[in-house]
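Input: a single structure, listed below in structure tokens.
The values are calculated or read from the model by the stated rules, or taken from the named source; none is laboratory data. Since this is a predicted model, take the numbers as computed values, not measurements. Note that we place each Cβ from the backbone using ideal geometry, even for glycine, and neighbour counts take in every protein chain shown. Keep in mind that these areas ignore ligands, DNA and RNA; they rest on the heavy atoms of the full protein, side chains included. Shrake-Rupley method; radii C 1.70, N 1.55, O 1.52, S 1.80 Å.
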Amino acid sequence: MTIILSDFVADCNSKSDICRHLGWPLNGSAFRKIRQLILDQGTDISHFGKPRYKYPREIHPCPVCGASFE
């Protein structure tokens, strides 16, 4: 069975998401297999580790000290 990661990796945010998509367990063996597939296929995972928010983030000023926060 050949797995083509480029078909769905853009919708995933981590190796765990790829495991869930494939129905694999979340363990070291599956992560090593995914890492090897990524290296072999040259799949772009530059978006991994960046949070995806449901709503846009807003910057608010603190009414006491004036510092900004999200």
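Using the beta-carbon distance between Y53 and R20 and R0 = 22 Å, what value does 1/(1 + (r/R0)^6) give for FRET efficiency, to the nearest 0.05?
0.65
Once the dipole of the chain is set up with Lys and Arg at +1 and Asp and Glu at -1 on Cβ about the Cα centre, which of S68, T43, W24 lies farthest towards its positive end?
Looking along the dipole axis, the top candidate is W24.
For the chain, give the percent of accessible area contributed by carbon and sulfur heavy atoms, probe 1.4 Å, rounded to a whole number.
The nonpolar share, carbon plus sulfur, comes to 54 percent.
If you compute percent of Cα pairs over 16 Å apart for the structure shown, which of (1) 57; (2) 42; (3) 38 do you land on?
(1)
Roughly how many nanometres apart are two label points built 7 Å out from the Cα toward the Cβ at D40 and I3?
My value for the distance between the label points is 1.0 nm.
Can you give me the accessible area per residue for the chain, using a 1.4 Å probe, in Å²?
77 Å²
Using Cα springs under 10 Å in a Gaussian network model of the chain, which residue among I59, I45, I18 shows the largest mean-square fluctuation?
Of I59, I45, I18, the most mobile in the Gaussian network model is I59.
Give the relative contact order (percent, whole number) for the stretch 1-59; include only Cα pairs under 8 Å separated by 6+ residues.
That works out to 41 percent.
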